[in-house]
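Novice: Let me give you the structure first, and then I'll get to my questions.
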Amino acid sequence: MSKRLWAAAAVVVAAVALSASAASAAETVGSCILDEIAAAEFEGIEGDGFTAAKNLKTAYEAKVEGAEELKKDFEKDLEGCLEAPNPIIPEVTEIIWGGAAFIVLLALMKWKLFPVVKNLMEQRTQRIQDAIDDADRQRAEAAEVKANYEAELADAKAEAARIVDEAREQAGAVRADLQARAEADIAEMRERAAADVEASKRQAIADLQSEVSDIALGAAEAVLGRSLEDPEMQRQLVDDYIASVGAGQD
Amino acid sequence: MAERSVSYADAVAAVARAEGNLDLVADELFRVARALEGSDELRMTLSDRQIPAARRQQIVEDLLGGHASDTTTAMVSMIVAAGRSSDLAGIAQEAVEINARDRGRSVAEVRSAVALTDDQAERLAAALSAATGHQVDVKVVVDPSIMGGVVATIGDEVIDGSVRHRLSQLRDTF
């Protein structure tokens with residue numbers, strides 16, 4: 001804060017010095033006008049110097065003939081004092097005052113302002129450098145984080161790919177197992193169905209045979225029953241039996 | 001055969017031998033047993049222990065008196081009085097076996113749907129003797145359930161020529 005105060009003070013001193021230089025230039029114009037008035041003499045106007053100038057003004061206001069032209073001429077002479085000095089080469093006094101002010105201002109600036117400005121610049125530079133370093137460090141950290149993130153992302157992708165492959169393999173194994181089980185079940189069901197059909201067929205054939213045999217045997221028994229009522233048939237059966245036993249047959 | 005039936009048969013045979021008519025007693029006993037087989041009412045009456053033994057013996061004597069020898073009547077009466085009428089068939093069978101063994105012969109129980117003529121019985125005995133290799137006495141039992149033909153049982157051997165057996169074989173063939 002004090003460094004800024006010193007810089008403001010140096011600017012004020014420089015302004016005062018420049019004002020002094022301008023003031024010295026104004027005194028030069030004034031003395032020129034004063035000299036013109038002191039040497040003033042007009043034809044037909046009494047007195048000289050300031051008196052002559054004063055009488056010319058009175059004559060002009062009284063609209064004396066010729067007074068107006070004299071006044072215009074006198075004004076031209078006075079305006080000659082107001083003409084600008086040489087734009088290339090200043091007045092000596094102006095050079096002296098300006099140089100002195102410049103030296104004072106330069107000294108003040110070198111004594112107070114430059115160190116402050118330099119310090120401020122160094123601080124700013126340091127801040128910028130710190131900011132740059134911080135940015136570089138953050139950039140490095142970001143790059144490291146990015147690298148870590150990319151590495152983790154790559155690992156995650158690899159892990160995801162591995163999991164997907166593993167899941168795909170498991171799914172394939174499960175699908176194959178289910179397919180094998182389904183095929184086995186289908187084969188078993190077909191075999192069972194075929195066995196059931198075969199058993200049903202055998203049972204139906206057996207039932208049919210049994211029914212047919214029952215019918216046939218029933219018919220045979222009916223026929224035999226009628227035949228066996230014949231005593232001759234009974235006698236013949238006994239004789240046949242005796243003959244078969246005698247022949248060694250049962 | 002039950003040991004008890006064998007013992008009763010031995011006793012019957014011993015008495016019959018003593019009387020000298022074992023052949024007759026065995027035959028009559030066999031016929032009585034067959035008759036008892038064919039009558040459920042008679043069998044149940046003789047087996048009923050609620051009926052006094054004397055009454056049952058009286059029934060036996062009334063049935064057999066004049067139709068069988070005294071020895072046979074006495075043996076059957078004794079068996080019924082002892083409450084062994086249900087064993088009478090076995091006792092008769094064993095007595096027949098004993099009689100046959102005494103004469104060096106075997107007994108064939110022959111079941112027929114109709115009664116055999118004497119000629120048929122003789123020819124059958126001759127055929128069975130030829131088939132078994134030793135002399136056979138034929139004891140005929142009329143059994144209509146066999147429908148027709150003959151079933152001969154000699155010891156453990158059965159020669160089945162019945163119509164019932166043929167039908168059974170035919171049924172098994174189907």
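The values are calculated or read from the model by the stated rules, or taken from the named source; none is laboratory data. All values reported here derive from a predicted model rather than from experimental measurement. Glycine gets a Cβ as well: all are built from the backbone with ideal geometry, and neighbour counts include every protein chain shown. Ligands, DNA and RNA are stripped out before the accessible areas are found, and what is left, the full protein with its side chains, is counted by its heavy atoms. Shrake-Rupley method; radii C 1.70, N 1.55, O 1.52, S 1.80 Å.
Novice: Based on what the data block shows, is B:Glu41 part of a helix (DSSP H, G or I), assigned by TED's automatic domain parsing to the domain that holds B:Ala89, farther than 24 Å from B:Glu97 by Cβ and among the charged types (D, E, K, R)?
Specialist: Working: part of a helix (DSSP H, G or I): yes; assigned by TED's automatic domain parsing to the domain that holds B:Ala89: yes; farther than 24 Å from B:Glu97 by Cβ: yes; among the charged types (D, E, K, R): yes.
Yes.
Novice: For the range B:88-99, state whether one or more residues are within 11 Å of another protein chain (Cβ to nearest Cβ), in contact with a helix residue (DSSP H, G or I) (Cβ under 9 Å, 6 or more places away or on another chain) and either under 17 Å from B:Ala9 (Cα atoms) or of a type outside the set (D, E, K, R) (or both).
Specialist: So the first thing to find is which residues in the range B:88-99 are within 11 Å of another protein chain (Cβ to nearest Cβ), and the list is none.
No.
Novice: Would you pick out the residues in the range A:212-250 that are more than 29 Å from B:Thr153 (Cα to Cα) and either within 7 Å of chain B (Cβ to nearest Cβ) or surrounded by 11 or more Cβ atoms within 10 Å (Cβ to Cβ) (or both)?
Specialist: Narrowing the range A:212-250 to residues more than 29 Å from B:Thr153 (Cα to Cα): A:212-216, A:219.
Within the range A:212-250, A:Val212, A:Ser213, A:Asp214, A:Ala216 qualify.
Per-residue answers, yes or no, for (1) of a type in the set (S, T, N, Q); (2) open to solvent by less than 40 Å² (accessible area, probe 1.4 Å); (3) in a loop (DSSP other than H, G, I, E, B):
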site	(1), (2), (3)
B:Val110	no, yes, no
B:Glu122	no, no, no
B:Ala130	no, no, no
B:Lys139	no, yes, no
B:Gly148	no, yes, yes
B:Arg164	no, no, no
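Novice: Another question about this same structure. Looking for something within 30 Å of B:Ser129 (Cα to Cα) and out of contact with any Lys or Arg (no Cβ under 8 Å at 6 or more places or on another chain) - is there at least one such residue anywhere in the range B:44-54?
Specialist: Of the residues in the range B:44-54, the ones within 30 Å of B:Ser129 (Cα to Cα) are none.
Within the range B:44-54, none of the residues are within 30 Å of B:Ser129 (Cα to Cα) and out of contact with any Lys or Arg (no Cβ under 8 Å at 6 or more places or on another chain).
Novice: Could you list, in sequence order, the residues of the range B:53-86 that are acidic (Asp, Glu) and either open to solvent by less than 40 Å² (accessible area, probe 1.4 Å) or more than 21 Å from B:Leu22 (Cα to Cα) (or both)? Show your work before the answer.
Specialist: The first filter runs over the range B:53-86 and keeps only residues acidic (Asp, Glu), leaving B:61-62, B:70.
Passing the criteria: only B:Asp62.
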